[in-house]
2 protein chains.
Amino acid sequence: MSEVRIRPRQVLILIIVFIIVLMMVHRNGKRTCQGPEYLQAMYAQDQINTLPKIYAITPTYARPAQKAELTRLSHLFMLVPNLHWIIVEDANTTSSLVRSLLDRSGLVDRSTQLNIKTPPEFKLQGKDPNWIKPRGVEQRNLALSWLRAHVDVERHAIVFFMDDDNSYAVELFAEMSKIKPGRVGIWPVGLVGGLMVERPLLNADNTQVVGFNAAWRPERPFPIDMAAFAISMDLFISFPQAIFSYEVQRGYQESEILRHLTTRDKLQPLANNCRDVLVWHTRTEKTKLNAEEALQRKGQRSDDGIEV
Amino acid sequence: MSEVRIRPRQVLILIIVFIIVLMMVHRNGKRTCQGPEYLQAMYAQDQINTLPKIYAITPTYARPAQKAELTRLSHLFMLVPNLHWIIVEDANTTSSLVRSLLDRSGLVDRSTQLNIKTPPEFKLQGKDPNWIKPRGVEQRNLALSWLRAHVDVERHAIVFFMDDDNSYAVELFAEMSKIKPGRVGIWPVGLVGGLMVERPLLNADNTQVVGFNAAWRPERPFPIDMAAFAISMDLFISFPQAIFSYEVQRGYQESEILRHLTTRDKLQPLANNCRDVLVWHTRTEKTKLNAEEALQRKGQRSDDGIEV
């Protein structure tokens with residue numbers, strides 16, 4: 001059989017060329033996604049499968065700004081590799097609006113689309129202020145049942161209740177990924193409860209929550225917003241009775257779910273010892289549609305055949 | 001000099017191993033960024049440098065929800081590779097809030113932080129409704145001067161006026177990247193002017209804008225919102241007189257800038273022949289801070305030492 005003769009120096013040159021090409025290809029690949037260090041670290045961890053999956057539960061309902069709001073949220077899911085989106089529509093069927101939004105964001109494989117209609121006796125009536133009856137109870141509970149039935153209980157995962165109109169920083173999800181099994185992570189929330197920031201107060205060595213700065217109903221067991229915490233999935237398996245309820249006073253939903261799962265002293269403080277604000281309780285203005293209503297009186301509409 | 005003898009079959013095996021390692025490294029790199037097809041296509045184009053840079057000009061001002069709003073916007077910049085953010089603060093100096101936000105989003109190299117204070121005679125007074133005096137005029141004009149002075153006129157680029165509280169889909173920027181030199185791209189905007197959607201009306205073969213469906217002041221030369229269009233940068237170089245003005249009626253800023261640059265028949269329809277809604281004119285509710293005000297009367301604050 002014929003042979004090729006090569007010199008050691010040629011072998012060395014070949015190896016060097018090989019390594020250079022490898023590095024170029026690697027760098028090129030990496031460059032497809034820009035982002036700050038904490039995000040690059042998440043991508044690296046995601047590749048070696050050491051990030052816990054975060055299940056974000058978002059109750060939603062049809063209204064003019066629904067698609068705009070969900071579109072803004074979808075960017076977080078596109079950026080954060082370990083986020084799985086459970087969208088629960090307050091409706092008798094899932095909608096094509098949500099389905100196509102997930103599809104066009106490339107999130108079909110990382111999402112679950114559910115639906116359940118709030119019973120009419122609990123629906124807001126015409127002039128009820130929107131806090132009289134609890135919102136999202138039915139939808140969050142359906143998502144919890146789905147999780148309890150479908151999640152691999154052996155794998156560490158996190159559950160987060162994510163409203164469709166709040167504002168979230170990508171860093172919040174890096175923080176949330178640090179929640180330990182059996183724990184509930186906690187952090188500050190901006191623009192809520194009449195304050196610039198509602199936040200947990202920590203002990204001297206920043207290891208335990210010793211109180212809260214809430215101004216509104218500070219006597220609640222957990223005087224915090226739904227956006228202030230996320231929960232290790234194993235707690236929902238250990239405590240199957242943990243669900244949301246219609247039978248609680250205004251502002252007590254957070255305390256209702258948490259009382260089953262944890263105590264104040266076991267909360268895990270995150271976000272730079274609860275000093276970084278990474279989520280804001282923003283509210284979107286109700287859309288003014290006076291011209292649209294005038295059109296409709298003439299049997300017309302601006303969005304004929306167009307999904308807004 | 002000593003030599004190594006290898007057989008052709010060994011050479012073949014070496015080459016195969018080399019290619020396999022290359023493909024693995026390449027694939028691994030790619031996997032760091034998930035996303036739908038149109039976004040992957042943008043990343044590929046960005047690598048070979050065929051995407052025009054999009055300069056997004058965002059006037060902003062200090063208020064409780066400022067950081068929340070800018071954080072939401074920053075996700076678009078993190079996702080879209082060819083976006084460059086020009087943030088212009090209505091203030092006498094640039095702020096550390098904006099600087100640290102850009103830093104923590106990994107956007108320092110893809111952004112420009114400017115500031116200019118709106119002259120007091122044009123500032124909104126206590127009870128003025130916010131449409132009486134034009135907003136963002138000074139800030140947008142400063143950004144245009146900066147662009148005219150700093151941009152490489154030989155390279156195709158796009159200019160987009162991006163408010164800090166609207167909602168934008170990632171796909172809008174893929175569409176915007178299709179704007180040709182010398183043209184102004186146009187598309188529908190959701191939830192604006194009292195309608196579900198304001199949109200251009202096209203001729204039979206969808207190549208030209210022949211009208212608009214606006215209900216509010218349809219007699220304007222361009223009865224559209226600031227979010228409805230983006231402009232090829234070369235037009236700003238060819239027409240140095242194109243700037244915003246305080247001297248125009250309410251709702252005429254868009255017409256004022258566009259009248260220098262284009263005519264209706266030269267507009268380039270985008271977004272699936274102006275049938276896809278990829279931007280929404282959402283508005284965020286003013287934050288209620290009653291408890292914060294009560295604290296301040298006692299000389300305290302909830303955000304002492306904390307940036308919200």
Of the conditions (1) open to solvent by less than 50 Å² (accessible area, probe 1.4 Å); (2) closer than 25 Å to residue A:152 by Cα; (3) more than 10 Å from chain B (Cβ to nearest Cβ), residue A:60 clears all except one; give me its number.
-> (2)
Pairing a residue in region B:152-176 that is farther than 19 Å from residue B:197 by Cβ with any residue that is among the acidic types (Asp, Glu) and open to solvent by 30 Å² or more (accessible area, probe 1.4 Å), where Cβ atoms lie under 9 Å and the two sit 6 or more apart in sequence or on different chains, gives B:153/B:234; B:156/B:234; B:157/B:234
Would you call residue A:295 within 26 Å of residue A:180 (Cα to Cα) and outside any loop (DSSP other than H, G, I, E, B)?
-> no
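Let's see how each residue does on (1) of a type outside the set (Asp, Glu); (2) buried (at least 24 other Cβ atoms within 10 Å of the Cβ); (3) more than 14 Å from the chain's Cα centre (by Cα); (4) on the phi < 0 side of the Ramachandran plot:
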residue	(1), (2), (3), (4)
B:173	yes, yes, no, yes
B:182	yes, no, yes, no
B:212	yes, no, yes, yes
B:215	yes, no, yes, yes
B:237	yes, no, yes, yes
From the list B:160, B:212, which one is more than 14 Å from chain A (Cβ to nearest Cβ) and aromatic (Phe, Trp, Tyr)?
-> B:160
Residues of region A:270-308 classified as surrounded by fewer than 21 Cβ atoms within 10 Å (Cβ to Cβ) and more than 14 Å from chain B (Cβ to nearest Cβ), total = 1
For the subset of region B:1-27 comprising residues that are more than 16 Å from residue A:14 (Cβ to Cβ) and more than 7 Å from chain A (Cβ to nearest Cβ), which member is modelled with the lowest pLDDT?
-> B:27
Hey, can you tell me all the residues within region B:245-266 that are part of a loop (DSSP other than H, G, I, E, B) and buried (at least 20 other Cβ atoms within 10 Å of the Cβ)?
-> B:262
Of everything in region A:115-147 that's within 18 Å of the chain's Cα centre (by Cα) and of a type in the set (Lys, Arg), which residue is modelled with the highest pLDDT?
-> A:140
With respect to residue B:227, determine if the residue is within 14 Å of another protein chain (Cβ to nearest Cβ), within 28 Å of residue B:204 (Cα to Cα) and not in a loop (DSSP other than H, G, I, E, B).
-> yes
Is it the case that some residue within region B:230-242 is under 15 Å from residue B:183 (Cα atoms), in a loop (DSSP other than H, G, I, E, B) and of a type in the set (Gly, Ala, Ser)?
-> yes
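The values are calculated or read from the model by the stated rules, or taken from the named source; none is laboratory data. This structure is a prediction, so every number in the text was calculated from the model and none was measured. All Cβ positions, even for glycine, are placed from backbone atoms using ideal geometry, and neighbour counts span all protein chains on display. Just so you know, the surface numbers come from the protein's heavy atoms only, side chains and all, with ligands and any DNA or RNA stripped out. Shrake-Rupley method; radii C 1.70, N 1.55, O 1.52, S 1.80 Å.
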